[in-house]
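Asker: Before anything else, here's the structure in question.
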């Protein structure tokens with residue numbers, strides 16, 4: 001999984017704790033307070049390869065500076081606290097703060113957990129794989 | 001026809017709105033949690049998002065609660081919420097080839113590369129009422145999760161991605177080739193559509209259409225009002241990654257996954273530009289898990305390509321596209337409930353005047369006949 005994917009799909013409590021630890025030790029300034037907005041989703045029709053707009057998705061974004069380094073957080077839906085935490089973590093990783101190893105370890109642990117969850121779901125879905133047999137005389 | 005505004009009734013209107021809450025809660029049951037709606041009424045939430053044209057599961061669940069389960073009303077609320085939000089980004093084109101599939105079937109081919117995955121479906125159930133749901137409790141839910149998957153054979157692994165079935169037909173030269181339309185991407189939320197309509201506008205309109213009316217129109221074609229006999233080449237349900245470009249980031253940014261349903265419809269063959277007969281296609285894609293809508297969209301996409309000089313309703317793109325939006329059609333249907341006192345009074349005035357003129361004309365005709373033939377009895381006497 002990509003790092004951004006883990007951050008977006010991982011548990012909020014994990015990122016909240018990390019962001020709180022960083023904010024306790026470093027100067028965090030808001031560049032862009034968490035706000036909802038929309039992203040127009042583009043799709044491409046697989047029949048004629050025509051791009052078109054499928055509809056909009058609600059998203060949330062925030063920007064911060066941690067010790068002068070900018071970071072941004074994004075997520076679908078109205079998730080102001082999550083995107084603020086993700087912005088803090090993004091800035092901390094970009095700035096290579098001393099907490100970087102701790103953050104990367106937390107991301108790796110969350111990735112393993114997410115992969116385990118996904119594998120369980122994939123196994124359940126795979127259990128519905130079917131091959132319909134034609135009946136004789138048909 | 002002109003419209004005349006009415007005023008007054010503010011208190012009654014406010015009370016009427018409050019009465020909705022009274023009727024929603026007067027049964028005494030615990031208020032439904034929005035999370036419960038979002039997770040356990042997921043197909044209703046998906047329909048609201050698809051028809052409201054905004055992917056926002058929690059807001060859609062709130063709208064459903066607010067609308068007491070009225071799907072169209074909830075879509076209307078979601079569409080109104082959408083109008084309060086700024087659009088800051090356009091996503092990169094979502095690639096359904098990278099879909100994390102939870103369901104994928106083909107009704108056209110028995111053996112498909114990657115296999116047929118039934119996924120979560122009621123297609124093969126008997127639709128008997130499940131009375132055990134009356135007794136569902138945290139304990140039964142726990143027992144279910146302990147049980148599910150325990151007996152599952154691990155021999156079948158899902159591939160990371162599934163090849164498109166129509167690509168197999170395309171490689172054999174059996175499908176019409178995509179037309180390079182050189183069209184700009186049309187946005188129906190920014191410009192009004194005109195006819196003939198660009199394909200991107202058609203697909204956007206269909207993607208936000210109301211499931212019921214789309215199904216009815218597609219059904220009319222399936223039944224014979226048109227000449228389309230569709231085959232379901234492939235139906236997929238799953239999530240696709242959504243990425244945006246952000247000015248502060250060099251690489252596209254992943255912001256989450258969106259659940260979609262995609263249908264590829266194979267239909268009658270036409271002769272292509274070289275005179276070679278080839279199968280034609282229709283495409284359906286919508287937010288959420290909504291198979292009937294995706295199939296209906298694919299069928300309507302194909303019916304609107306009809307070359308028939310005598311088009312049935314489902315083949316007439318103006319007819320289809322102007323009638324599938326649930327918010328527009330419900331809004332217009334519902335507006336008849338609003339006061340039309342003045343317009344109706346003017347109708348009554350015209351009717352009374354017309355009746356009066358008719359009576360006067362009849363009386364005058366009788367008088368003329370009486371004068372011509374004094375012995376004749378007047379009609380109706």
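The values are calculated or read from the model by the stated rules, or taken from the named source; none is laboratory data. All figures in this text were calculated on a predicted structure; none of them were measured in a lab. Every residue, glycine among them, receives a Cβ derived from its backbone with ideal geometry; neighbour counts consider all protein chains shown.
Asker: Given B:236, B:223, which one is over 16 Å from the mean Cα position of the chain (by Cα) and within 14 Å of chain A (Cβ to nearest Cβ)?
Answerer: Working: B:223 fails: within 14 Å of chain A (Cβ to nearest Cβ).
Exactly one residue qualifies, and that residue is B:236.
Asker: Inspect segment B:268-281 for any residue being within 27 Å of residue B:170 (Cα to Cα), at the interface with chain A (Cβ under 8 Å from one of its Cβ atoms) and part of a strand (DSSP E or B) and give the result as yes or no.
Answerer: Yes.
Asker: Looking only at residues in segment B:166-190 that are in contact with a strand residue (DSSP E or B) (Cβ under 6 Å, 6 or more places away or on another chain) and free of Cβ contacts under 8 Å to residues at least 40 places away in the same chain, which one is farthest from residue B:278 (Cα to Cα)?
Answerer: Top of the filtered list is B:187.
Asker: Scan segment B:128-152 for residues that are more than 24 Å from residue A:123 (Cβ to Cβ) and either touching a residue at least 60 places away in the same chain (Cβ under 8 Å) or in a loop (DSSP other than H, G, I, E, B) (or both) and jot them down.
Answerer: Kept after step one, since they are more than 24 Å from residue A:123 (Cβ to Cβ), are these residues of segment B:128-152: B:128-139.
Those that are more than 24 Å from residue A:123 (Cβ to Cβ) and either touching a residue at least 60 places away in the same chain (Cβ under 8 Å) or in a loop (DSSP other than H, G, I, E, B) (or both): B:128, B:129, B:130, B:136, B:137.
Asker: Output the residues belonging to segment B:93-113 that are crowded, with 17+ Cβ neighbours inside 10 Å, more than 7 Å from chain A (Cβ to nearest Cβ) and under 22 Å from residue B:257 (Cβ atoms).
Answerer: B:99, B:100, B:101, B:103, B:104, B:105
Asker: Can you tell me which residue in segment B:256-266 is surrounded by the most Cβ atoms within 10 Å (Cβ to Cβ), limited to those that are touching a residue at least 60 places away in the same chain (Cβ under 8 Å) and at the interface with another protein chain (Cβ under 7 Å from one of its Cβ atoms)?
Answerer: The selected residue is B:264.
Asker: A further question on this structure: Sort through B:326, B:288 and tell me the only one that's within 14 Å of chain A (Cβ to nearest Cβ), crowded, with 22+ Cβ neighbours inside 10 Å and touching a strand residue (DSSP E or B) at 6+ places or on another chain (Cβ under 9 Å).
Answerer: That would be B:288, the only listed residue that is within 14 Å of chain A (Cβ to nearest Cβ), crowded, with 22+ Cβ neighbours inside 10 Å and touching a strand residue (DSSP E or B) at 6+ places or on another chain (Cβ under 9 Å).
Results for (1) touching a residue at least 40 places away in the same chain (Cβ under 8 Å); (2) part of a helix (DSSP H, G or I); (3) at the interface with another protein chain (Cβ under 8 Å from one of its Cβ atoms), shown as yes or no for each residue.
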{"position": "B:43", "(1), (2), (3)": "yes, yes, no"}
{"position": "B:64", "(1), (2), (3)": "no, yes, no"}
{"position": "B:68", "(1), (2), (3)": "yes, no, no"}
{"position": "B:79", "(1), (2), (3)": "yes, yes, no"}
{"position": "B:89", "(1), (2), (3)": "yes, no, yes"}
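Asker: Within the group B:114, B:97, B:28, which residue is under 30 Å from residue B:148 (Cβ atoms) and assigned to a loop (DSSP other than H, G, I, E, B)? It would help to see each step written out before you state the result.
Answerer: Numbers: B:97 fails: assigned to a loop (DSSP other than H, G, I, E, B); B:28 fails: under 30 Å from residue B:148 (Cβ atoms).
B:114 is the lone residue from the list that is under 30 Å from residue B:148 (Cβ atoms) and assigned to a loop (DSSP other than H, G, I, E, B).
Asker: Please enumerate the residues belonging to segment B:185-210 that are within 14 Å of the chain's Cα centre (by Cα) and more than 12 Å from chain A (Cβ to nearest Cβ).
Answerer: B:210
Asker: Does residue B:228 satisfy being buried (at least 21 other Cβ atoms within 10 Å of the Cβ), away from every other protein chain (no Cβ under 14 Å) and touching a strand residue (DSSP E or B) at 6+ places or on another chain (Cβ under 7 Å)? Please lay out each step first, then the result.
Answerer: Details: buried (at least 21 other Cβ atoms within 10 Å of the Cβ): yes; away from every other protein chain (no Cβ under 14 Å): yes; touching a strand residue (DSSP E or B) at 6+ places or on another chain (Cβ under 7 Å): yes.
Yes; evaluated as a whole, the condition is true for this residue.
Asker: Name the one entry in B:320, B:342 that is part of a helix (DSSP H, G or I) and more than 31 Å from the chain's Cα centre (by Cα).
Answerer: On inspection, the qualifying residue turns out to be B:342.
Asker: Keeping to segment B:194-222, report how many residues are modelled with pLDDT of 95 or more and not in a helix (DSSP H, G or I).
Answerer: Summing the residues that are modelled with pLDDT of 95 or more and not in a helix (DSSP H, G or I) in segment B:194-222 gives 3.
Asker: I've got another one for you. May I ask you to say which residue of B:150, B:179, B:141, B:213 is over 25 Å from the mean Cα position of the chain (by Cα) and closer than 24 Å to residue B:46 by Cα? Give the steps one after another, and end with the answer.
Answerer: Details: B:150 fails: closer than 24 Å to residue B:46 by Cα; B:179 fails: closer than 24 Å to residue B:46 by Cα; B:213 fails: over 25 Å from the mean Cα position of the chain (by Cα).
Exactly one residue qualifies, and that residue is B:141.
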